[in-house]
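Working notes, beginning with the structure itself.
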Amino acid sequence: MSDEASESPAAGDDRSVLTNRQGHQVYDNQNQRTVGPRGPATLENYQFLEKISHFDRERIPERVVHARGFVAYGHFEATGKWGDEPVSRYTRARLFQEPGQRTPVAIRFSTVIGGHDSSEAARDPRGFAVKFYTEDGNWDLVGNNLAVFFIRDALKFPDVIHSLKPDPITFRQEPGRIFDFMSQTPESMHMLVNLFSPRGIPADYRHMQGFGVNTYKWCNMDGETQLVKYTWMPRQGVKSLTAQDAANIQATDTGHASKDLYEAIERGDYPRWDLYVQMMSDDEHPELDWDPLDDTKTWPEQDFEPKLVGTMTLDRNVSDHHNENEQIAFGTGVLVDGLDFSDDKMLVGRTFSYSDTQRYRVGPNYLQLPINSPQRVPVATNQSGGQMSYGRDLGLEQNPHVNYEPSITGGLREGRYQTEDIEGPELTGRLTRARIPRTNDYLQAGQRYRLLEPWEKDDLVLNFCTLISQADRKVQERMLWHFYMCDDELGARVGEGLGIGLAEVKDLGPLASQALTETELARMGNLG
Ligand code: HEM
């Protein structure tokens, strides 16, 4: 017993007494148990072993992507409408129905590539993941700030991420590796024009948009389905940084975006985002020269008007970073009645990947944690066991012997509402491995470039030239060919910066893995 601990507590000291996890009071937190004051130590020293062993396990594996992030809480308030129409015409999802109806939310903003202590001023897509704790269970809308993605088939996700992550030997992010992969991946052009423009470094988390990116479905009471895309618009406005602005910030602070959000909420300056939904009928839309299930495309707003469905306000910070940020788990499979998946080939891969990684990263009972479990409906499964299981679901509380279904003696029963067999178009097809027919990889990338303001174009060209010049000459030439296919001016300006002329790339032709559309073939013929 230390001298300090043997003293009686100072009068008026009503602080709680330190215990270990068994509830035993700790009388000495300064000295471990030893034979004599100079040791040796003894192994039966439970208090010391518990303390140090728990410390040894304080970290869980960081997310394989989106490792650095920040969580806040708030609510979503529905308009009850899709634009001017009652929202019930298109979806029966209960959280959208009543004007003024509030649903609690947790949001996690993140960067993608760096580790969990990396810079928040990096050029990187930002994650925008919202968990709605609805009265029908949880809904996760797991999006980003750039509206599109690098690839359209989930099979390629580990490759695109490996190219963007540090080199496995030098452990540095290498532009040569990134552009090697991208030069063989023409569908990445739209994302690259976004990412290397100032939009690729949002000023902070409060001043950026959010997009669902993938195509989802809405289902109404009659089982009719629509294809939808989601967009969050910040009431605070959109602000971005140039590479130089970002360098200045990260020279002194690698966590400026978390700090900005935390402090805004602490001082009562609550950030808000309006949620808009674009919609089209649930079919293939042969009239479009792009595929509605392609996440490298946006839906033009003049043809598919985004309409307001509600507003999110963030008004509370987390109380523990590990419990609420490291252990929160989002997934694209987490939908409520009235919302559904589309056949988007990225979405199906994502839906497997999120819960798979969370069972490994957090543990098989990650959904029992308060941050992840539904807050407004009881959970009644027949699941039990697994590491770190605690408590019992309603089913097992009420019927401890009947942990199976069906049963004539009790236990849980199936729900009554079931419309899946009448929802959506009928599908037929042959098992195949094939790219979607309407790839059209360059049109929207070129349009996006032409929409940039002059200073944004300058920044984009500078960023491309600085980074692509570090890649092999063949990679530089192929990137240039893609840029010319997107837009003449973009090609000419990047070519000038790289010191490569159009004549040197115009005969490169399409990649073996690439089928050009008729418009693209005509454009290729016109190059030069
Ligand atoms: C996080 C996989 C595409 C947005 C993650 C995680 C995985 C993953 C494994 C880590 C989750 C965790 O540890 O909890 C995939 C796969 C994709 C894909 C396989 C493609 C097939 C996308 C796309 C977006 C996106 C297109 C944007 C729309 C996010 C976000 C997070 C995340 C926001 C962080 C969630 C959080 O804050 O905890 N993704 N992802 N991902 N992904 Fe994806």
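Quick note: the coordinates plus some simple rules give every number you see, no bench work behind them. Predicted model only: the values in this text are computed from it and were never measured. Using ideal geometry, Cβ is built from the backbone for each residue, glycine included, and neighbour counts are taken over all protein chains shown.
If I go through the stretch 148-174 residue by residue, how many of them are more than 9 Å from the ligand (Cβ to nearest atom) and either of a type outside the set (Phe, Trp, Tyr) or in contact (Cβ under 8 Å) with a residue 40 or more places away in the chain (or both)? Working first, answer last.
The initial filter retains those residues of the stretch 148-174 that are more than 9 Å from the ligand (Cβ to nearest atom), namely 152, 159, 162-174.
Adding the requirement that they be either of a type outside the set (Phe, Trp, Tyr) or in contact (Cβ under 8 Å) with a residue 40 or more places away in the chain (or both) leaves 152, 159, 162-170, 172-174.
Selection size over the stretch 148-174: 14.
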Problem - Selection within the stretch 61-102 - of a type outside the set (Val, Ile, Thr), away from the ligand (no atom under 16 Å from the Cβ) and farther than 23 Å from Glu423 by Cα - result: His75, Phe76, Glu77, Ala78, Gly83, Asp84, Glu98, Pro99, Gly100, Gln101, Arg102
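Going through Val142, Val148 one at a time, which residue ends up being part of a loop (DSSP other than H, G, I, E, B), of a type in the set (Val, Ile, Thr) and under 23 Å from Leu227 (Cβ atoms)?
Values: Val142 fails: part of a loop (DSSP other than H, G, I, E, B).
Answer to the selection: Val148.
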Practice task
Search the stretch 361-383 for residues that are in contact (Cβ under 8 Å) with a residue 60 or more places away in the chain and among the aliphatic types (A, V, I, L, M) and pair each with any residue that is away from the ligand (no atom under 14 Å from the Cβ) and part of a loop (DSSP other than H, G, I, E, B) when their beta-carbon atoms are under 7 Å apart and the residues are at least 6 apart or on different chains.
Solution key: Val377/Asp136
Exercise for the section: Looking only at the stretch 395-410, decide whether some residue is closer than 29 Å to Gly223 by Cα, more than 28 Å from the chain's Cα centre (by Cα), part of a loop (DSSP other than H, G, I, E, B) and not aromatic (Phe, Trp, Tyr). Expected result: yes
Exercise for the section: Show the residue pairs that are 6+ apart or on different chains and have beta-carbon atoms under 7 Å apart, the first residue being within the stretch 255-267 and in contact (Cβ under 8 Å) with a residue 12 or more places away in the chain, the second being among the aliphatic types (A, V, I, L, M). Expected result: His256/Ala121; His256/Ile249; Leu261/Ala72; Ile265/Ala72; Ile265/Leu314
Problem - Pair list, Cβ under 6 Å, 6 or more apart: the stretch 446-461 residue closer than 13 Å to His190 by Cβ, other residue of a type in the set (Asp, Glu) and surrounded by 15 or more Cβ atoms within 10 Å (Cβ to Cβ) - result: Gly446/Asp487; Tyr449/Asp487
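Only one residue in Val309, Val277 is within 16 Å of the ligand (Cβ to nearest atom), in contact (Cβ under 8 Å) with a residue 60 or more places away in the chain, assigned to a strand (DSSP E or B) and not charged (D, E, K, R), so which one is that? Steps first, please.
Working: Val309 fails: within 16 Å of the ligand (Cβ to nearest atom).
From the options Val309, Val277, the qualifying one is Val277.
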